[in-house]
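S.K.: First, the structure itself, so that you have it in front of you.
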Amino acid sequence: MPTRELATPVYLVHVPDRAERFAVVSDHYDAFEADAGLWFVASDAGLSPLYHDLKRRLRPAGPFAVASLDGVPKFKRMQPGALKWVRECSRRV
């Protein structure tokens, strides 16, 4: 079975020392908080522009990563609705 591609690019953002600032991200992007400091962010901006914008908005002092997702990931023990949110991004046109 082929991996379902995402119609809207989705990125995995890891920023543990700014977990309380999710609202700053969700005010500007379509985003879902999968866990404290671990977010899915849908954006057509591209990896580098998204990374730099989030870095400017969040000003992380610790680990910070933004990674693009090529398809719907496999995971467990995330917040309820996380997988549904990512799957919905895969259906958007």
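A short reminder: the numbers here are calculations on the coordinates, not readings from a lab. Remember, it's a predicted structure, so these values are computed and weren't measured experimentally.
S.K.: Can you tell which of Ala36, Ala67, Ala23 shows the greatest fluctuation in a Gaussian network model of the chain with Cα springs below 10 Å?
M.R.: Evaluated over the chain, the most mobile residue of the options is Ala23.
S.K.: Using Cα atoms only, what is the angle between the long axis of helix 47-58 and the major principal axis of the chain, expressed in degrees (0 to 90) to the nearest 10?
M.R.: That works out to roughly 40 degrees.
S.K.: Just from its helices, what would the mean residue ellipticity at 222 nm be for the chain, if runs of 4 or more DSSP H residues each count -39500 (n - 2.57) and the sum is divided by every residue, rounded to the nearest 500 deg cm²/dmol? Numbers along the way, then the final one.
M.R.: Numbers: 3 runs with 27 residues, N = 93.
Here the helix-only value at 222 nm equals -8000 deg cm²/dmol.
S.K.: Most mobile of Phe75, Phe32, Phe40 per a Gaussian network model of the chain (Cα springs, under 10 Å)?
M.R.: Phe75
S.K.: Can I ask one more? With bins 10 Å wide starting at 0, give me the P(r) of the chain over every alpha carbon pair, in whole percents.
M.R.: Bins of 10 Å from zero give 17, 53, 27, 3, 0 percent of pairs.
S.K.: Taking the radius of gyration and the Kirkwood hydrodynamic radius from Cα positions alone, what is the Rg/Rh ratio for the stretch 46-93, to two decimal places?
M.R.: Numbers: Rg = 13.3 Å, Rh = 12.9 Å.
Radius of gyration over Kirkwood radius for the stretch 46-93 works out to 1.03.
S.K.: Counting alpha carbon pairs within less than 8 Å and at least 6 residues apart, what relative contact order, in whole percent, applies to the chain?
M.R.: Numbers: 150 pairs, mean separation 40.8, N = 93.
Reported as a whole number, the value is 44 percent.
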